[in-house]
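A short write-up of the structure that comes next.
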Amino acid sequence: MLQLLDFTGENIIATRANDLLGIKDYEKIHPFIHNIIDTGKKVRWYFEMDDDSGSNGFWEDGIIEINYGKMNFTHSADIERIAIVGVKKWENSMRSIMKPFTKAKLMYFDLPDREKAKEWILNQQVEIETNYIDNK
């Protein structure tokens with residue numbers, strides 16, 4: 001399940017995955033994406049993965065192969081940054097999962113670096129990024 005975190009607002013969508021994710025989770029944040037782009041701003045997404053769920057992953061069986069491919073990410077150009085926060089074992093999977101957002105700057109942060117991730121996602125200054133994940 002995807003939870004909204006308390007610093008969601010303006011052009012920030014802040015979420016924590018604490019269990020299996022599916023299409024309904026994407027549908028939960030979709031209205032927030034529309035609200036942000038309707039104001040003329042770009043979306044910044046803080047995506048934290050709580051590894052205490054005890055599951056073997058965050059994705060429902062078959063979501064990647066069946067459902068994920070059917071999602072229509074028409075807003076990839078509307079997302080400017082994604083901060084992914086989790087444990088190292090999820091980093092490679094998350095790079096693959098976030099491929100539809102290739103126009104966004106992606107940074108992966110370890111769980112102990114949550115505050116750095118929040119700072120990076122909240123920073124509204126235009127800056128040159130030297131350490132973002134390049135999905136090309």
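Rule-based calculations on the coordinates, nothing more; no lab input. Just so it is clear, the model here is predicted, and its values are computed rather than measured. Heads up, the Cβs are rebuilt from the backbone with ideal geometry, glycines too, and the neighbour counts pull from every protein chain shown.
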- Can you work out ³J(HN,Hα) from phi for every residue in segment 110-123, in order, using Karplus 6.51 cos²θ - 1.76 cosθ + 1.60 and θ = phi - 60°, giving whole Hz and x for Gly and Pro? 6, 3, x, 9, 3, 5, 5, 5, 4, 4, 5, 6, 7, 5
- Message: Using each residue's phi in segment 91-97, evaluate 6.51 cos²θ - 1.76 cosθ + 1.60 at θ = phi - 60° and report the 3J(HN,Hα) Karplus result to the nearest Hz, with x for Gly and Pro.
- Response: 4, 5, 4, 5, 4, 5, 4
- Query: What number comes out for the charge environment of Val43, summing +1 per Lys or Arg and -1 per Asp or Glu over other residues with Cβ under 15 Å away?
  - Reply: +3
- Task: Based on other C-beta atoms within 10 Å, arrange Asp78, Asp19 from fewest to most.
- Result: Asp19, Asp78
- Straight-distance crosslink candidates among lysines, where the alpha carbon sits under 27 Å from Lys24 and sequence neighbours closer than 8 are dropped: Lys41, Lys42, Lys70, Lys88, Lys89, Lys99, Lys103, Lys105, Lys118
- Scan around Phe109 for amide H atoms under 5 Å from its own, H built in the peptide plane at 1.01 Å from N, and keep only partners 5 or more places away or cross-chain. Ile84, Val85, Gly86
- Task: Would you mind checking which residues have amide H under 5 Å from Leu5's amide H? H placed 1.01 Å from N; only 5 or more apart, or other chain.
- Result: Ala14, Thr15, Arg16
- In nm, to one decimal, how far is the Phe7 label point from the Arg114 one, both placed 7 Å along Cα→Cβ? 1.0
- Query: Under a 5 Å amide H to amide H cut-off, with H placed in plane at 1.01 Å, what residues pair with Trp45 once short-range neighbours are removed?
  - Reply: Ile13, Arg81, Ile82, Ala83
